[in-house]
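K.L.:
Can you keep this structure in mind? I'll have questions shortly.
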Amino acid sequence: MRIVDAARYRSLVHVVGGVLGVLVVLDVVLRLAVGITPAALLRTSFHDPVNHERVAGRVSGVIADADRASPIAVIIGSSSAQDGFVAAELAAADPTHRRWLNLATTGSSFDELRYTFGPLFASELDADLLVIAIHPAWLAGRVVDDPAFDAILISSTAPRTSWLLFNRGRVNHLARSALADLREWLLLGQLGVPFDGVYPPTREPWRDPPRNDGAWNARFAQNQMETWRRKRWFEASWFARADEEVEAAAAVVAAAQHTAKRVVVVFMPESSTLRAAIPDEAEAAFRRALARLAAPPQVLDLRAAIPDELFKDHIHLGGRGAQVLSTMLPDRIAELAGRR
């Protein structure tokens, strides 16, 4: 198969994204020029290309690692998984002697996970195990339409007259997620470009990002609960409207199953306050996503596994909490395998 220079196609993606960005800027400038402050419709999925490229570089670096002999276990998820798991502790506790790669980064929706970890799903990494570390409350959906919450970003005294701002979540999805999918399909699947030709490898792909092991932050924790209330995490009826996120969750799990020999979904630890506030309908919505799959993966529920005193807020663990969780996870996954 003919090898194609990936740089040519990367430039095309940048041009299309740049044009869309210019349109958004022009829309805002024109609205402000005539005295209208466009109100923001906050969406929880911003499709951060920095996280996308960071994941891609680490995956590329692991694929290129000539010294890799042990099977690989991969973790994907948001910042609670990034803070909650320590690769060295996981490897030391793993009875199957896997090498652990924690790719978790920031995010708070399944749609965002699908975009962020797209390079992993398109790669030939072939992991032995892939852990999807999540919070069921994400199934509340990505759209938040609350004037008080919008006001956190932009004063919303004027009507929503800017189509591009009102629909910027969809624009982001098209400009980044859809184009990223197309780029990977074309370069990797159709033109035979090597993975490291599309995504240059990171020098030290196995190294975990720096941790922030602070103590309990009461103010931040209070702000978290208010933010999640605005996002409807605590309203049972809201999860019935989660069709977009249910579809995205099913897509993430299905893609993971094509990337690893075994997939396990882990419900991440949450404080007792947060667990008490989230309705059972959140988990039920996630179960609806799994029901769409021909062979749903096993689910390991660790929401109550860590005592409150080891959290630094309602979902992020301090250093001791991360050590406890990391030591616990491999054995709990091994127990799940025994119950198959």
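K.L.:
Of D67, D48, D83, which residue is of a type in the set (D, E) and modelled with pLDDT under 75?
P.N.:
None of the others qualify; the one that does is D67.
K.L.:
Next up: Do any helices (runs of 4 or more DSSP H) entirely within the range 239-340 hold 2 or more residues that are over 23 Å from S109 (Cβ atoms) and in contact (Cβ under 8 Å) with a residue 12 or more places away in the chain, and if so, which?
P.N.:
Result: 319-338.
K.L.:
Follow-up question, since we're still on this one. Does at least one position in the range 224-235 carry a residue that is of a type in the set (F, W, Y), touching a residue at least 60 places away in the same chain (Cβ under 8 Å) and part of a helix (DSSP H, G or I)?
P.N.:
Yes, because at least one residue in the range 224-235 is of a type in the set (F, W, Y), touching a residue at least 60 places away in the same chain (Cβ under 8 Å) and part of a helix (DSSP H, G or I).
K.L.:
A follow-up question, please. Just to verify a result, which residue in the range 84-126, among those that are closer than 25 Å to Y199 by Cα and acidic (D, E), is surrounded by the fewest Cβ atoms within 10 Å (Cβ to Cβ)?
P.N.:
E124
K.L.:
Considering only the range 240-248, I want to know if a residue exists there that is modelled with pLDDT of 95 or more and crowded, with 21+ Cβ neighbours inside 10 Å.
P.N.:
Scanning the range 240-248, I find no residue that is modelled with pLDDT of 95 or more and crowded, with 21+ Cβ neighbours inside 10 Å, so the answer is no.
K.L.:
Looking only at the range 48-76, count every residue that is closer than 21 Å to S109 by Cα and either part of a helix (DSSP H, G or I) or not charged (D, E, K, R) (or both) and tell me the total.
P.N.:
Matching residues across the range 48-76 total 11.
K.L.:
Exactly one of (1) in a loop (DSSP other than H, G, I, E, B); (2) over 22 Å from P330 (Cβ atoms); (3) at pLDDT 90 or above is unmet by T96. Its number?
P.N.:
Going through the list (1) in a loop (DSSP other than H, G, I, E, B); (2) over 22 Å from P330 (Cβ atoms); (3) at pLDDT 90 or above, T96 breaks only (2).
K.L.:
Of all residues in the range 302-327, which are closer than 17 Å to T273 by Cα and surrounded by fewer than 17 Cβ atoms within 10 Å (Cβ to Cβ)?
P.N.:
Within the range 302-327, A304, P307, D308, E309 qualify.
K.L.:
Separate question: If V263 satisfies all but one of (1) over 21 Å from R98 (Cβ atoms); (2) of a type in the set (A, V, I, L, M); (3) crowded, with 19+ Cβ neighbours inside 10 Å, what's the number of the condition it fails?
P.N.:
The failed condition is (1).
K.L.:
I've got another one for you. For Q222, work out the one condition from (1) more than 13 Å from W138 (Cβ to Cβ); (2) within 18 Å of the chain's Cα centre (by Cα) it doesn't fulfil.
P.N.:
Checking Q222 against (1) more than 13 Å from W138 (Cβ to Cβ); (2) within 18 Å of the chain's Cα centre (by Cα), the one that fails is (2).
K.L.:
Exactly one condition in (1) surrounded by fewer than 15 Cβ atoms within 10 Å (Cβ to Cβ); (2) closer than 12 Å to P136 by Cβ is not met by E281; state its number.
P.N.:
(1)
K.L.:
Would you check if there is a residue in the range 66-79 being farther than 23 Å from D243 by Cα, under 16 Å from the mean Cα position of the chain (by Cα), surrounded by fewer than 21 Cβ atoms within 10 Å (Cβ to Cβ) and not acidic (D, E)?
P.N.:
Checked the range 66-79: at least one residue is farther than 23 Å from D243 by Cα, under 16 Å from the mean Cα position of the chain (by Cα), surrounded by fewer than 21 Cβ atoms within 10 Å (Cβ to Cβ) and not acidic (D, E).
K.L.:
A follow-up question, please. Check the range 85-103 and report whether any residue there is within 14 Å of H135 (Cα to Cα) and touching a residue at least 60 places away in the same chain (Cβ under 8 Å).
P.N.:
no
K.L.:
Run down G18, G35 and say which single residue is modelled with pLDDT under 70 and over 18 Å from S123 (Cα atoms).
P.N.:
G35
The values are calculated or read from the model by the stated rules, or taken from the named source; none is laboratory data. Small disclaimer: the values here were computed from a predicted structure and weren't measured. Note that each Cβ is placed from the backbone with ideal geometry, even for glycine, and that neighbours are counted across all protein chains shown.
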